[in-house]
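**Student:** One structure follows; several queries about it will come next.
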Amino acid sequence: MVTTIWGATNKPLSSQALAEFFEEHDAYQGFLYIGYPIIGTPQGPFPIDALWVSEEKGAVIFNLVEGVALNGFQQDQDDSANKLEAKFRSHRDLMKGRNLAVELNVVTFAPAKQNLDGIGDETYAVCNFESLSEWINGLEWIDSSSFPSLLSVIQSISTIRKGKKRRDLKRDDSRGAKLKRLEDSIANLDNRQGQAVIETVAGVQRIRGLAGSGKTIVLALKAAYLHAQHPDWKIAVTFHTRSLKDQFKQLINTFSIEQTNEEPDWSNLHVIHAWGAPGGESRNGIYYSFCQSHGIEFHDFKSAKYKFGSDKAFEGACDEALKAASTALETYDAILVDEAQDLTPPFLQICYQMLKGKKRLVYAYDELQSLTNRSLPPPEEIFGEDKDGQPLVRFEQPAPGKPKQDIILEKCYRNSRPVLATAHALGFGIYRVPSDKTGTGLIQMFDQSQLWLDVGYEVVDGALADGQEVTLARGDKTSPEFLESHSSIDDLISFVKFESKDEQAAWLAREIRTNVADDELQPDDIIVINPDPLTTRKEVGKARKLLYEMGIESHLAGVDTSPDVFFDAGSGSITFTGIFRAKGNEAGMVYIINAQDCFQSWFQLATVRNRLFTAITRSKAWVRVLGVGEDMNSLIQEFQQAKERDFRLHFRYPDEEQRKRLTIVNRDLSVDDQQKVRRGAQGLESLIASLEAGTVFLEDLPDDAVAKLKKFLSDSGKS
């Protein structure tokens, strides 16, 4: 059968009819692209209405007609065929000598036109729903040996990930040479990523995927694609990490030129931060813009933190703005949200309110990259209900011939299998020593076990069910082998424990000097990450000083540079960063310092483990996890267990009650709540000590308070 990939189209009725035709005629094979490709021409972007690629029939262009008027259809067919042929001719694999090796045909499809007598001929075919099958059956591609190349050209939406750095490489086995080969190998998007770029729904769409699965690139290309299809639309791309701004603009600009020969019109395509601030267009943000439009109070982080607490600053500010906004002021035709796991439902509701008509909102996220231990609820809960009590947003089950609302990117192109599995093992606490409070070493777990399969793991032993032992592994399909075959396991990922932070800093500086001087890595191939965002400036000082004495420049991202800049391109400077600014960025060599801070935590254990997960998954090739003290030894033991099991994850899947308990024990607490718990624990310990010392007797305590305590302990199973 034919797989339909739904792009943006201004011909919905004829597009739907075409999709239904192929759904009914399931003997045909191949891929039907609606609203794709877009051909760059000297006159600007030229969108093809629909294109079917088939091994039996070749490439078939469909010029779609919404009504019954066929004026000038011959000229339209000539334009479509000539422009697509010109694109094909630029690919040597699609040529035989000076002739095109691909069978290319074009037809005008007018499903509403009932009577086609006297319209069209052998050169300019015109069909409706009833006659299309007969026309297609008359097509034949005699030599279809070029089909794989044809499919590759169509599916290769962009090569913008290809390594474009100029590297002065002298050794084939250097890290620089290996990194270049890796970058070249992942230059093209895979089929599912390509579909995620093109597939456009008239409503809300969710894209989920692991770190390194290409969510940011998919969103950038989708924004550029929608802009090329609808240059008059107001489109916003927004995100949590400010340093992503330049990356988004670069990706969108490159894709636009690649596909349409034109730079985007930035007056209609806005790349803006989720929060924003006063100070002009460069500082604008979705939340700030919403407040300005409605004339309501705006909070910067300082005032929001004061009013709502540091851990709910943005959520509180957005929620207050929503309640204060009296009417919906619709600004954008489409909004694309990256890193949605670090934003909040009220922010997504603001985005939803700012959208016109069809409410085209695309949000991408990875549950495991949440730095706040707050996962996004389902769409029915995020967006609420209408006046009739029905969910404003509900995802329909995938159906043939319809665009997908919920897309999962299962393949990871950034991290090798050992690196990714280690990140998951540490993030979930798979090999952590069991806790007395929970009876398991696990720190967190998906409520829906199916998610493990969705993100690319396979069950190799046991059962993925509550209370059952299970062993999960990643295969070549979701973790390509070339990502790990370039280096030994011990070189891909290693943990190093030091006696002191000075020793850690000295080792780090020496390694970076070797990377730059001998390994043929460039400064922006290296990132140094401190997991604790509150201590980064202090913690990186020693290593930076040592590098300076070695003649190696470095910068602290967002502090020594603009908040929108991560890599200081062209300066030859090593990037040091806290975990928040590291998100969304990547490098060949990643150093994580003070990893011991992620071993345990008094509350928010899931959060600090997620920071370690996020830091590890910034690596495109090699990662070094550094730390000091006994906690680092314990972290190393967890890693060793993962390594000894060939980076398979073996654990007992917690049942529903255990998962609830994990959520409670390892939850985030506000500063105020933490102080309450500390004061309560101290008071309880003091009371116990007094009882043991005989200075206080149970009879001295209020009877009702003692009775309540006994009942509480009994109900919770602790007495």
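**Student:** Once phi is turned into θ = phi - 60°, what whole-Hz ³J(HN,Hα) does the Karplus curve with 6.51, -1.76 and 1.60 give for every residue of segment 121-133, x standing for Gly and Pro?
**Tutor:** Running phi through 6.51 cos²θ - 1.76 cosθ + 1.60 with θ = phi - 60° gives 7, 5, 7, 10, 6, 10, 9, 10, 4, 6, 9, 5, 4 Hz.
**Student:** Can you tally the net charge around E469? Count Lys and Arg as +1, Asp and Glu as -1, for every other residue whose Cβ sits under 14 Å from the Cβ of E469.
**Tutor:** Summing Lys/Arg as +1 and Asp/Glu as -1 gives 0.
**Student:** Sum up the charges of everything whose Cβ sits under 15 Å from the Cβ of D265, counting Lys and Arg as +1 and Asp and Glu as -1, but leave D265 out. Numbers along the way, then the final one.
**Tutor:** Details: positive: K234, K249; negative: D232, E262, E263, E281, D333.
Overall, the nearby charge balance is -3.
**Student:** Give me the Debye-computed log₁₀ of I(q)/I(0) at q = 0.11 Å⁻¹ for segment 101-252, equal point scatterers on Cα only, no solvent, two decimals.
**Tutor:** -0.71
**Student:** What spacing in nm lies between the two simple spin-label points modelled at E66 and T514, each 7 Å away from Cα in the Cβ direction?
**Tutor:** Calculated label separation equals 6.4 nm.
**Student:** When ranked by the protection proxy of mean other Cβ atoms within 10 Å per residue, highest first, what sequence do the peptides 204-212, 545-553 form?
**Tutor:** Packing proxy ranking, top to bottom: 204-212, 545-553.
**Student:** In debye, nearest 20: dipole of segment 406-458 around its Cα centre with unit charges on the Cβ of K, R (+) and D, E (-)?
**Tutor:** So the magnitude is around 300 debye.
**Student:** Here's another thing I want to ask about it. Please compute P(r) over all alpha-carbon pairs of segment 219-262, binned at 5 Å starting from zero, and give each bin as a whole-number percent.
**Tutor:** Values per bin, smallest distances first: 5, 23, 33, 24, 10, 5, 0.
**Student:** Starting from the 7 Å offset along Cα-to-Cβ, what nm value, one decimal, do you get for the label separation of D655 and M1?
**Tutor:** 3.9 nm
**Student:** Follow-up. Go through segment 261-270 residue by residue and turn each phi into a ³J(HN,Hα) via Karplus (6.51, -1.76, 1.60, θ = phi - 60°); whole Hz please, and just put x for glycine and proline.
**Tutor:** 6, 9, 7, x, 8, 5, 6, 9, 10, 9
**Student:** Nearest-5 percent of antiparallel DSSP beta bridges in the chain?
**Tutor:** Beta bridges within the chain, antiparallel portion: roughly 30 percent.
**Student:** Once the cut-off is 43 Å, how many percent of the Cα-Cα pairs in the chain end up in the long-distance tail?
**Tutor:** Above the 43 Å cut-off, the chain has 33 percent of its Cα pairs.
**Student:** Ok, one more. Quickly estimate the mean residue ellipticity at 222 nm for the chain, helices only: each DSSP H run with n ≥ 4 gives -39500 (n - 2.57), and the total goes over all residues, rounded to 500. Show your work: numbers first, answer last.
**Tutor:** On the way: 25 runs with 268 residues, N = 719.
Roughly -11000 deg cm²/dmol at 222 nm, from the helical runs in the chain.
**Student:** Using r as the Cβ-Cβ distance of R166 and V460, and R0 as 41 Å, what FRET efficiency do you calculate, to the nearest 0.05?
**Tutor:** The formula returns an efficiency of 0.40 here.
**Student:** Cα atoms only: what Rg and Dmax, in Å, come out for segment 461-575?
**Tutor:** Cα only, segment 461-575: 18.8, 56 Å (Rg, Dmax).
**Student:** For the chain, build the charge dipole from Cβ charges (+1 Lys, Arg; -1 Asp, Glu) around the Cα centre, then report which of L612, T422, A321 sits farthest towards its positive end.
**Tutor:** Towards the positive end, the residue furthest out is L612.
**Student:** Based on C-alpha coordinates, I'd like the Rg and Dmax of segment 22-108, in Å.
**Tutor:** 13.7, 41
**Student:** Report the dimensions of segment 353-466 along its three principal axes from the alpha-carbon atoms, largest first, rounded to Å.
**Tutor:** 52, 34, 27
**Student:** Just want the answer: with Cβ charges of +1 for Lys and Arg and -1 for Asp and Glu, which residue in G551, G389, M589 is farthest toward the dipole's positive end in the chain?
**Tutor:** Of the options given, the answer is G551.
**Student:** Let me ask something additional. Using Cα-Cα distances under 8 Å and only pairs 6 or more residues apart, what relative contact order does segment 431-575 have, in percent?
**Tutor:** Working: 120 pairs, mean separation 20.2, N = 145.
Relative contact order for segment 431-575 comes out at 14 percent.
**Student:** Additional query: When only Cα pairs under 8 Å and 6 or more residues apart are kept, what is the percent relative contact order across the chain?
**Tutor:** Value for the chain: 12 percent.
**Student:** Turning to a different aspect of this structure: Cα centroid distance between segment 50-81 and segment 429-486, in Å?
**Tutor:** 48 Å
**Student:** Compute the label zone of S487 within segment 600-637: residues whose backbone N is under 17 Å from the point 7 Å along Cα-to-Cβ.
**Tutor:** Output list for this probe position: 615-627.
**Student:** From the protein chains alone at 1.4 Å, what is the descending order of accessible area for I636, I616, largest first?
**Tutor:** Final ranking, largest accessible area leading: I636, I616.
**Student:** Rounded to a whole number, what % of the accessible area of the chain do carbon and sulfur atoms account for, probe 1.4 Å?
**Tutor:** Here carbon and sulfur together make up 48 percent of the probe-accessible area.
**Student:** Can you pull the one-decimal nm distance between simple spin-label points at L684 and A328, each 7 Å off the Cα toward Cβ?
**Tutor:** Placing both labels 7 Å along Cα→Cβ, they lie 4.7 nm apart.
**Student:** Let me ask you something else. Let me spell out the model: positive unit charges on the Cβ of Lys and Arg, negative unit charges on the Cβ of Asp and Glu, origin at the Cα centre of the chain. What dipole size does that give, in debye rounded to 20?
**Tutor:** Its charge dipole is roughly 1920 debye.
**Student:** Quick one: 3J(HN,Hα) in Hz for segment 506-522, Karplus 6.51/-1.76/1.60 with θ = phi - 60°, rounded, Gly and Pro as x.
**Tutor:** Going residue by residue, I get 5, 5, 4, 4, 5, 5, 5, 4, 5, 4, 6, 7, 10, 8, 6, 8, 8 Hz, with x marking Gly and Pro.
**Student:** Please give the peptides 484-493, 91-100, 554-563 ranked by average Cβ packing (other Cβ atoms within 10 Å per residue), highest first, as a rough proxy for protection. Can you show the working numbers first?
**Tutor:** Working: 484-493: 15.9, 91-100: 12.2, 554-563: 18.6.
Descending mean neighbour count gives 554-563, 484-493, 91-100.
**Student:** Would you please calculate the Kirkwood hydrodynamic radius of segment 281-348 over all C-alpha pairs and express it in Å, rounded to one decimal?
**Tutor:** So the Kirkwood estimate lands at 12.7 Å.
**Student:** Counting heavy atoms of the protein chains only and a 1.4 Å probe, report the per residue accessible area for the chain as a whole number of Å². Intermediate values should be presented prior to the final figure.
**Tutor:** Details: 32220 Å² over 719 residues.
Each residue of the chain exposes 45 Å² on average to a 1.4 Å probe.
**Student:** Considering segment 255-300, what Rg and Dmax in Å follow from its alpha-carbon atoms?
**Tutor:** Every Cα atom of segment 255-300 included, Rg and Dmax give 13.9, 43 Å.
The values are calculated or read from the model by the stated rules, or taken from the named source; none is laboratory data. From a predicted model like this one, the values you see are computed outputs, not experimental measurements. So basically every Cβ, Gly included, is an ideal-geometry build from the backbone, and we count neighbours across all protein chains shown. Calculation scope for accessible area: heavy atoms of the full protein, side chains included, ligands and nucleic acids excluded. Shrake-Rupley method; radii C 1.70, N 1.55, O 1.52, S 1.80 Å.
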